[in-house]
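Peer 1: Sending over a structure as structure tokens; questions will come in a sec.
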Amino acid sequence: MMEVLILPQDVAAELVARHILTLIQHKPDAVLGLATGSTPLPVYRALERLIAEWEVDTSRVRGFALDEYVGLPEGHPQSYRAVITREVIEPLRLTPSQIRVPNGATETIKDAPAEYEAEIAASGGVDLQLLGLGGNGHIGFNEPGSSLGSSTRVKTLTAQTRHDNARFFPSEDEVPRHCITQGVSTILKARHLVLLAFGESKAQAVAAAVEGPISASNPASALQLHPHTTVLVDEAAARHL
Ligand code: GLP
């Protein structure tokens, strides 16, 4: 079942953060699915504030990131490990071992997908998965055309996504060509999916995801198959609904 909430971005972020902390209060070893990109940042900032205000113990929380670039040198500031460290681990005062990010090192990439799937399974599964949405409907790095039954694997980034993400790199040429990402079916195994999308640039992808046919041409449309998906969008992103 998909529930759609149309709210201003800051209100949506606050609501999601409160929901996550309530989950942690009931289940101190909750497993969170983390997303990168700019969309979830207000959620992480609200969490930072509320953890202090509510005095929530997060020492047993665990988390899994959706994806990582392949082949960036260790510690590269735009690697998703570095982004998650800056935006989530440090401000939320977690220890690095609480949060896993797929290993994008080239030397071990062959075994990394199966290892990541095994780690997620061993954790007992993700309780709440945060998701951003690519302008073309991608979730994680599952670009249009991704098999809806896919598990964690190495993918080639589309020209569009490399172009979109070029703003984080000195030049478009330096954006990696490959990534390792949880698959669509990995994402669907989480017990609650929370998709966030704000701004007009996401409006087409939101409409296709929520009201379009379930299709690999918009991987986010697979969320319609999940028993518990919450979609939070602002007026601009809801424009074509
Ligand atoms: C990136 C990430 C996705 C993210 C998307 C949207 O490519 N791999 O997980 O949801 O782009 O990014 P933003 O939230 O900055 O619009």
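Peer 1: Given the criterion of a type in the set (A, V, I, L, M, F, W, C), within 20 Å of V233 (Cα to Cα) and out of contact with any Leu (no Cβ under 7 Å at 6 or more places or on another chain), identify the matching residue among F168, F198.
Peer 2: Within the list F168, F198, the selection yields F198.
Peer 1: Here is a follow-up. Kindly evaluate A30 against the criterion of being touching a strand residue (DSSP E or B) at 6+ places or on another chain (Cβ under 8 Å), modelled with pLDDT of 95 or more, within 16 Å of the ligand (Cβ to nearest atom) and small (G, A, S).
Peer 2: no
Conditions (1) in contact with a Ser or Thr (Cβ under 9 Å, 6 or more places away or on another chain); (2) within 19 Å of L193 (Cα to Cα); (3) within 16 Å of the ligand (Cβ to nearest atom), marked per residue:
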{"site": "V43", "(1), (2), (3)": "no, yes, yes"}
{"site": "V56", "(1), (2), (3)": "no, no, no"}
{"site": "F64", "(1), (2), (3)": "yes, yes, yes"}
{"site": "Q98", "(1), (2), (3)": "yes, no, no"}
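Listed here are the residues, each with its yes/no results for (1) among the polar types (S, T, N, Q); (2) in contact with a strand residue (DSSP E or B) (Cβ under 9 Å, 6 or more places away or on another chain); (3) closer than 30 Å to A203 by Cα.
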| residue | (1), (2), (3) |
| --- | --- |
| T39 | yes, yes, yes |
| V56 | no, no, no |
| I89 | no, yes, no |
| I99 | no, yes, no |
| A118 | no, no, no |
| L131 | no, yes, yes |
| N136 | yes, yes, yes |
| F141 | no, yes, yes |
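Peer 1: Next question. Tell me the strands (runs of 3 or more DSSP E) entirely within region 1-111 that contain at least 1 residues that are of a type in the set (D, E, K, R) and within 16 Å of the chain's Cα centre (by Cα).
Peer 2: Of the strands (runs of 3 or more DSSP E) lying wholly inside region 1-111, those with at least 1 residues that are of a type in the set (D, E, K, R) and within 16 Å of the chain's Cα centre (by Cα) span 62-65, 67-69.
The values are calculated or read from the model by the stated rules, or taken from the named source; none is laboratory data. Predicted model, so just to flag it, every value in this text is computed and none were measured. Neighbour counts are summed over all protein chains in view; Cβ atoms, including those assigned to glycine, are modelled from backbone coordinates with ideal geometry.
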